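K.L.:
The structure that follows is given in the form of structure tokens.
The values are calculated or read from the model by the stated rules, or taken from the named source; none is laboratory data. Since we're looking at a predicted model, the values are computed, not measured. Backbone-built Cβ (ideal geometry, glycine too); neighbour counts: all protein chains shown. In case anyone asks, the SASA skips ligands and DNA or RNA and just uses the protein heavy atoms, side chains included. Shrake-Rupley method; radii C 1.70, N 1.55, O 1.52, S 1.80 Å.
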Amino acid sequence: MSDCMSKIIRTTADIMFLFITVFGFYIVLHGHLTPGGGFQGGAIVAGGFILLIVAYRLEDFLKWFQKNTFQSCEVSGLVLFIGTALAAIPLGYLFFMNFLNGAGGLFGQAVSFGINPGVLNTAGTIPVMNIAVGIEVLGGLSIIILYMTSGIRSHEEGE
């Protein structure tokens, strides 16, 4: 068996990675309006990275994306999540309170009564939390897959 997949599979994986990533970010950003959210969207984007690992060799993938990159994603997602929750306290609100709802501006438009017309900026801090969870899940699942594939590689070298 060759070291990597055929050129057709790699090219298809490159194209599909773009669509998978865009769809994953769509799920993250529309999580407060439709089924889905940060976890589901982050898992979809991580699936795109898994596709690249399958289409290319792990060594080639690690030339493009280091484990530190995904660790940084995981940490920054956690910091954004907790930071958004803590940001409410100095403003006189409770921890995790939706302090941006109805305040105007980005993510702060008041929600109208009845069916939501699909306006993205109607949920306050919820989209920010979805983005944070999406970044966290993307980093976490990618690290898990990288460590699992590294274990397979070290097991094959030991034989």
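K.L.:
Considering only region 40-73, how many residues are under 9 Å from the mean Cα position of the chain (by Cα) and either crowded, with 19+ Cβ neighbours inside 10 Å or of a type in the set (Gly, Ala, Ser) (or both)?
P.N.:
Just the residues of region 40-73 that are under 9 Å from the mean Cα position of the chain (by Cα), to begin with: 40-46, 73.
Those left that are additionally either crowded, with 19+ Cβ neighbours inside 10 Å or of a type in the set (Gly, Ala, Ser) (or both): 41-46, 73.
Count: 7.
Conditions tested, residue by residue: (1) modelled with pLDDT of 90 or more; (2) under 23 Å from Tyr147 (Cβ atoms).
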| position | (1), (2) |
| --- | --- |
| Ile9 | no, no |
| Tyr26 | yes, no |
| Pro35 | no, no |
| Ile44 | yes, yes |
| Gly47 | yes, yes |
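K.L.:
Next question, about the same structure. Before we move on, is Leu29 of a type in the set (A, V, I, L, M), under 13 Å from Ile131 (Cβ atoms) and within 12 Å of the chain's Cα centre (by Cα)? Break it down into steps so the answer makes sense when it comes.
P.N.:
Working: of a type in the set (A, V, I, L, M): yes; under 13 Å from Ile131 (Cβ atoms): yes; within 12 Å of the chain's Cα centre (by Cα): yes.
Considered against the rule, which asks whether it is of a type in the set (A, V, I, L, M), under 13 Å from Ile131 (Cβ atoms) and within 12 Å of the chain's Cα centre (by Cα), Leu29 comes out as yes.
K.L.:
Only residues that are free of Cβ contacts under 8 Å to residues at least 40 places away in the same chain and under 18 Å from Gly139 (Cα atoms): list them for region 1-26, please.
P.N.:
Phe17, Leu18, Ile20, Thr21, Val22, Phe23, Tyr26
K.L.:
Contact list please: Cβ distance under 7 Å, first residue in region 41-59 and under 14 Å from Ala13 (Cα atoms), second residue among the polar types (S, T, N, Q), pairs at least six apart or on different chains.
P.N.:
Close Cβ pairs satisfying both conditions: Val45/Thr21; Ala46/Ser142; Gly48/Thr21; Phe49/Ser142; Ile53/Thr149.
K.L.:
Kindly evaluate Gly124 against the criterion of being small (Gly, Ala, Ser), open to solvent by less than 60 Å² (accessible area, probe 1.4 Å), modelled with pLDDT under 85 and under 26 Å from Arg10 (Cβ atoms).
P.N.:
Details: small (Gly, Ala, Ser): yes; open to solvent by less than 60 Å² (accessible area, probe 1.4 Å): yes; modelled with pLDDT under 85: yes; under 26 Å from Arg10 (Cβ atoms): no.
Judged against the criteria, Gly124 is not a match.
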